Protein chains: 4
Amino acid sequence: MPLTPEQQAEIDAQRAAPRQTLRAVSEGMEAHLYRPREVLDHGFVRVIDYMGDDSAIVQAARVSYGAGTKHVSNDEGLIRYLMRHWHSTPFEMCEVKFHVKLPVFVARQWIRHRTANVNEYSARYSILDREFYIPAPDALAAQSTTNNQGRGAVLEGAEAERVLEMLKSDAGRAYDHYEAMLSQDGQQGLARELARMNLPANVYTQWYWKTDLHNLFHFLRLRADAHAQYEIRVYAEAICEMVRDWVPFAYAAFEDYRMGGATLSAKALDCVRRMLKGEEVTQETSGMSKGEWREFEGVIG
Amino acid sequence: MPLTPEQQAEIDAQRAAPRQTLRAVSEGMEAHLYRPREVLDHGFVRVIDYMGDDSAIVQAARVSYGAGTKHVSNDEGLIRYLMRHWHSTPFEMCEVKFHVKLPVFVARQWIRHRTANVNEYSARYSILDREFYIPAPDALAAQSTTNNQGRGAVLEGAEAERVLEMLKSDAGRAYDHYEAMLSQDGQQGLARELARMNLPANVYTQWYWKTDLHNLFHFLRLRADAHAQYEIRVYAEAICEMVRDWVPFAYAAFEDYRMGGATLSAKALDCVRRMLKGEEVTQETSGMSKGEWREFEGVIG
Amino acid sequence: MPLTPEQQAEIDAQRAAPRQTLRAVSEGMEAHLYRPREVLDHGFVRVIDYMGDDSAIVQAARVSYGAGTKHVSNDEGLIRYLMRHWHSTPFEMCEVKFHVKLPVFVARQWIRHRTANVNEYSARYSILDREFYIPAPDALAAQSTTNNQGRGAVLEGAEAERVLEMLKSDAGRAYDHYEAMLSQDGQQGLARELARMNLPANVYTQWYWKTDLHNLFHFLRLRADAHAQYEIRVYAEAICEMVRDWVPFAYAAFEDYRMGGATLSAKALDCVRRMLKGEEVTQETSGMSKGEWREFEGVIG
Amino acid sequence: MPLTPEQQAEIDAQRAAPRQTLRAVSEGMEAHLYRPREVLDHGFVRVIDYMGDDSAIVQAARVSYGAGTKHVSNDEGLIRYLMRHWHSTPFEMCEVKFHVKLPVFVARQWIRHRTANVNEYSARYSILDREFYIPAPDALAAQSTTNNQGRGAVLEGAEAERVLEMLKSDAGRAYDHYEAMLSQDGQQGLARELARMNLPANVYTQWYWKTDLHNLFHFLRLRADAHAQYEIRVYAEAICEMVRDWVPFAYAAFEDYRMGGATLSAKALDCVRRMLKGEEVTQETSGMSKGEWREFEGVIG
């Protein structure tokens, strides 16, 4: 349970005090506000604030395209049209801010998405808590034998036990020593900005992370994808659930055109056309490398 | 009057329908929502949406700096500390979206601020209105004799009349021809994406413009400055009035540390120290160029 | 001819003085350096500087992916892999800087690509030249009857003549008045920052524009596309020719996976799979709207 | 010594093969190319490529400001003017790419500068080396008693020994277990993307980092500052030495106006003016808080 009673009380207080606003309101997102959705063993993601809704996307697009958009009869159709044609600026008109608690090695992947605003808890100013990510048994996987950056079968038996024992004991010892180095009891006490270097990458940190809907979709497409590392994918999936309730038309278009779609190369399109005409196309006659062909076969089923 | 009755009715309708939200609310900003503030002869700026308030800045900073911020006894003091020490990320946690109507030559300056989201009315899709910026008499200024990019005395008499007549008649003729080229009455009608090239830079366009508070302050420091061109400065000043009501602590800190402050070079600081010790410092003994020394004298009065 | 003899002499001088460097050198790009490639009636684009080559992409990727990349046997294969899998950061390691002369209405589209560095000639400081884009006869097109933001058939006969006459005479008169307003002969002379507002959007401006290869590819995909406005597409196509010589492997991958490729939605992929199994799929049974279906038919031929 | 003989041989080979180019060349920077400058116990920074020199800044500015810039008699004067007046775009026309080896906790600070391109060695794909930052005795400091995010006196005697022993032994044990978990000797072997979570924040990583000169100066102002954490400051200082040789005029202006300068608030400027008129100003009569007044005294000496 990642929340203390004090934190829960604070959330309850925030949710108990609705106020009036003239801004666009998304009822679906109001239901999520402040509530942490638990992720991994000690993490969470919760939405702190949002700006705009499906209508805000349409409104911005109608300024862009003026009378030209009147053709499209309704909001949903216009949103699908914008997504299909990569008109990204209307989606940038929605903004969202999350509070996330996550292991440092996940944070290091996440931060590579640069078009966002971030305030991370500082281990120079403050002392980190004794909380470490220890994988659940079914997330403890072997190195993939086919994918250099992926994982394969779940570890079993004694090997799994050894790994968990190492992760737990090393984290515990590192934190004990972190505290021992910081202690000012009978000694000077090491600077916090130095002591933190002893903590492993599965220690939890937290941050406020704010981005616009277009960039959030880009993040989700990469991180909610089946090839993303499991430990960041579960955060992305939790966010997907919130976005679905926030901007249902935009999210549905995102699912159809991005998450469920695929980009075919010129060569791949040529193969599809030939195959639809009845030609038997093989890797050898496709012009693709073996790797490409395998991926192509995965796409066209 | 830049608004049509239909537009005014739409605004009234938007302001007549308050809804409940659990998000942070700024009463000062709610009072501005949707209402256009008139700028120049046909322009306006109005706030369409906002995210966060002074407390959101503090809240984000406390995640960043954790217990370390507990020292600062109150929100205002913390906000001033953050501004003074260029801790910009907490200010990025607030976001605002404006609808702006402005002449194209102002839009061209404005768009150079890249860290923002923009949806501009498209003259490829749609037909622009017959609205042009014609300077008021007291804004019709001569080229500065000392500043290559500034303006000097107000034009007077016959010269002013000639200029206004040229601006008005050229704009009118350009628009007449724009319409004539577009017309499909007895002819094919030129493509909108081509016809627009005949319109001068004082034609009005409009856009939705969204940015975070840190980048907005950067924009305001440059564009509400006395050296900015008058025609963009009036927009910046109108926005300042709204921001003051939105985030009063942050805006006051911005005024003290940015708008009213000045950056002194190493040489200038050295001069100040010498002068405070009683030394008579001149341009020759300052180590500064004439231009720098003149600016330095302007700063220290 | 957009270049004066002085400009040509300057280019010749720059190209006559090779120097030694230890940096990566692209012979293909060296051949283009400084030489303007003419675009439209008075415009040009020329490369001023570049950083990196195909090897720099590979080198950066090998730091990212370490031993994992040793699998891919050669540079070309690795570059294709990176492009196919949207690994954009290695492409960001190449940078290029152009000097472009272009009509203002083209510049206004171009500047919407925010991830670039720009220094534009300032009409506040300086006086613009009397140069306007006047479309060639085969670029003078009617509004498209099917596409709100496109152009259709070429204008003919008297209508074409009328349009060209209006564009030329309005530009000429606007520039005459621009000069008359600026003149300090017997009058004060209007400020340059004001006088410029009389100039139409087909006046030429110029800028230095610098971006990385990943963002350049994004620009080229949108602006060298058949749906882009002709007047920006010709600049994009000129740049394509240079990039092809600069980073041949990366450009070939870009052509295959981006320019010649297409993104299919989940629904479209489902249709392809059904069609490959022999099913007769129609718009009605596809789940797609009419617009989507038409675009889908265009893709699969 | 951070370089292996193979790496040194590679550097020697790169430096042994000068090639001809027509681009701008900075002799000062050529001397640095590829050569690692050692930082901390196992780290380094070396420049891999660069674009532009002092002249490129001037050239870009002259396009921006056209004839207006002819006033300033020389390149150095113009560069100082641009820096003084925060005209940042000409500085963005220079670009530089570094290869950096650095501890993860330093990388985590560094990456917060978002306007840069980064390719980091991936611990999902590859296995990290057994290299950890262990502070030298004079860098092993106690927590500051006055500054929540700073360090104070150097640790001494037994406490220092205890800290070093903990850092070394924990790093060693963590790496032993990292290897044990990865091993496929008689077991499946944990996925690399999971095993890395056991490594502490003082393990070394490496990346290619590319940015423009304006953003680099911003980075250096914050990270070469006396208040920056020592472990990142030494990297910033090493980069300063290279930039000084690359763009000497720009670097000198940066030192005078940014590194050695200070921003005074409206209140502080008012105090300076009063003091220069002979008034005795105290914290009580200054209008500043105690913290501000202390900082102000530090600035005016």
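The values are calculated or read from the model by the stated rules, or taken from the named source; none is laboratory data. These numbers were taken from a predicted model, which means no experiment stands behind them. When we count neighbours, we look across all protein chains shown, and the Cβ atoms used for this are built from the backbone with ideal geometry, even at glycine.
Within segment B:1-29, the residues that satisfy the criterion of being exposed (fewer than 13 other Cβ atoms within 10 Å of the Cβ), outside any loop (DSSP other than H, G, I, E, B) and at the interface with chain A (Cβ under 10 Å from one of its Cβ atoms) are B:Q20, B:E27. Could you check segment B:142-153 and list, in sequence order, the residues that are more than 16 Å from C:G186 (Cα to Cα) and not in a loop (DSSP other than H, G, I, E, B)? Correct list: B:R151, B:G152. Out of curiosity, is A:Y81 within 25 Å of A:S169 (Cα to Cα) and more than 9 Å from chain B (Cβ to nearest Cβ)? Criteria not met by A:Y81.
Can you say whether B:A253 is modelled with pLDDT of 95 or more, surrounded by fewer than 22 Cβ atoms within 10 Å (Cβ to Cβ) and among the aliphatic types (A, V, I, L, M), as far as the supplied structure shows? No; evaluated as a whole, the condition is false for this residue.
In segment D:167-179, the residues that are buried (at least 17 other Cβ atoms within 10 Å of the Cβ) form Cβ pairs under 9 Å with partners that are of a type in the set (V, I, T) and in a helix (DSSP H, G or I), at six or more places apart or across chains, as follows: D:H177/A:V163. Quick check on B:T145: is it surrounded by fewer than 19 Cβ atoms within 10 Å (Cβ to Cβ) and outside the structural domain of B:R223 (by TED's automatic domain parsing)? Yes: the conditions hold for B:T145. Is it the case, given these coordinates, that C:V39 is touching a strand residue (DSSP E or B) at 6+ places or on another chain (Cβ under 9 Å), under 19 Å from C:L213 (Cα atoms) and either away from every other protein chain (no Cβ under 11 Å) or hydrophobic (A, V, I, L, M, F, W, C) (or both)? The answer is no for C:V39. Against the list (1) modelled with pLDDT under 95; (2) in contact with a strand residue (DSSP E or B) (Cβ under 9 Å, 6 or more places away or on another chain), the condition C:L269 fails is (1). Listed conditions (1) assigned to a helix (DSSP H, G or I); (2) touching a residue at least 24 places away in the same chain (Cβ under 8 Å); (3) in contact with a strand residue (DSSP E or B) (Cβ under 8 Å, 6 or more places away or on another chain) are all met by C:V63, apart from (2).
Identify, please: which residue in segment C:205-250 is outside any helix (DSSP H, G or I) and of a type in the set (A, V, I, L, M, F, W, C) and is, among those, nearest to the chain's Cα centre (by Cα)?
Taking segment C:205-250 as the starting set, the residues that turn out to be outside any helix (DSSP H, G or I) are C:205-212, C:224-229, C:247.
Adding the requirement that they be of a type in the set (A, V, I, L, M, F, W, C) leaves C:207, C:209, C:224, C:226, C:228, C:247.
Numbers: C:W207: 13, C:W209: 11, C:A224: 6, C:A226: 12, C:A228: 10, C:V247: 17 Å.
Looking at the filtered set, the residue picked out is C:A224.
If only one of C:R80, C:R114, C:R130, C:R124 is surrounded by 20 or more Cβ atoms within 10 Å (Cβ to Cβ) and over 30 Å from A:F296 (Cα atoms), which one is it? So the residue among C:R80, C:R114, C:R130, C:R124 that is surrounded by 20 or more Cβ atoms within 10 Å (Cβ to Cβ) and over 30 Å from A:F296 (Cα atoms) is C:R124. When each of A:V45, A:V100 is tested for being in contact with a Pro (Cβ under 9 Å, 6 or more places away or on another chain) and within 30 Å of B:N215 (Cβ to Cβ), the lone residue that passes is A:V45. For residues that are in a strand (DSSP E or B), aliphatic (A, V, I, L, M) and within 10 Å of chain D (Cβ to nearest Cβ), tally how many sit in segment C:101-119. Qualifying residue count, segment C:101-119: 1.
Of everything listed in (1) in contact with a helix residue (DSSP H, G or I) (Cβ under 9 Å, 6 or more places away or on another chain); (2) part of a loop (DSSP other than H, G, I, E, B); (3) acidic (D, E); (4) closer than 30 Å to D:G157 by Cβ, the single unmet condition for A:D185 is (1). Checked against the criterion of being more than 9 Å from every other protein chain (Cβ to nearest Cβ) and either part of a helix (DSSP H, G or I) or out of contact with any helix residue (DSSP H, G or I) (no Cβ under 9 Å at 6 or more places or on another chain) (or both), the candidates C:V58, C:V45 yield just one match: C:V58. Residues of segment D:202-210 include none that is without any contact (Cβ under 8 Å) to a residue 40 or more places away in the chain, surrounded by 21 or more Cβ atoms within 10 Å (Cβ to Cβ) and in the same structural domain as D:L3 (by TED's automatic domain parsing).
Scanning segment C:185-200 for residues that are surrounded by fewer than 24 Cβ atoms within 10 Å (Cβ to Cβ) and under 26 Å from C:Y133 (Cβ atoms) yields a count of 1.
A count restricted to segment D:30-43 and to residues that are hydrophobic (A, V, I, L, M, F, W, C) and surrounded by fewer than 22 Cβ atoms within 10 Å (Cβ to Cβ) stands at 2. For segment A:188-231, a residue qualifies if it is more than 10 Å from chain D (Cβ to nearest Cβ), among the aliphatic types (A, V, I, L, M) and closer than 23 Å to D:R108 by Cβ, and the qualifying residues are A:L216, A:L222, A:A228.
Considering only segment D:129-141, how many residues are in contact with a Lys or Arg (Cβ under 7 Å, 6 or more places away or on another chain) and part of a loop (DSSP other than H, G, I, E, B)? Reasoning before the result, please.
Initially, segment D:129-141 is screened for residues in contact with a Lys or Arg (Cβ under 7 Å, 6 or more places away or on another chain), giving D:134, D:141.
Filter again for part of a loop (DSSP other than H, G, I, E, B), leaving D:134.
Residues that pass the stated criteria total 1.
Do we find that D:M93 is facing another protein chain (nearest Cβ under 7 Å), in contact with a Cys (Cβ under 9 Å, 6 or more places away or on another chain) and under 30 Å from C:T205 (Cβ atoms) in this structure? So D:M93 fails the test. Of the residues making up segment B:1-32, those that are of a type in the set (A, V, I, L, M, F, W, C) and closer than 27 Å to A:A13 by Cα number 6.
Looking at segment B:288-300, is at least one residue in contact with a strand residue (DSSP E or B) (Cβ under 7 Å, 6 or more places away or on another chain) and at the interface with chain D (Cβ under 10 Å from one of its Cβ atoms)?
Residues of segment B:288-300 in contact with a strand residue (DSSP E or B) (Cβ under 7 Å, 6 or more places away or on another chain): B:299.
Still in the running and at the interface with chain D (Cβ under 10 Å from one of its Cβ atoms): B:299.
There is at least one residue in segment B:288-300 that is in contact with a strand residue (DSSP E or B) (Cβ under 7 Å, 6 or more places away or on another chain) and at the interface with chain D (Cβ under 10 Å from one of its Cβ atoms).
Entry remark, segment A:251-287: residues being within 11 Å of another protein chain (Cβ to nearest Cβ) and either in a helix (DSSP H, G or I) or under 16 Å from C:K277 (Cβ atoms) (or both) number 22 in total.
Screening D:A195, D:A191, D:A226 for residues that are modelled with pLDDT under 95 and over 30 Å from C:V96 (Cα atoms) leaves exactly one candidate, D:A226. So D:A136 clears everything in (1) more than 12 Å from chain C (Cβ to nearest Cβ); (2) buried (at least 20 other Cβ atoms within 10 Å of the Cβ); (3) at negative phi; (4) of a type in the set (A, V, I, L, M) except one condition, right? Which one? For D:A136, the exception is condition (2).
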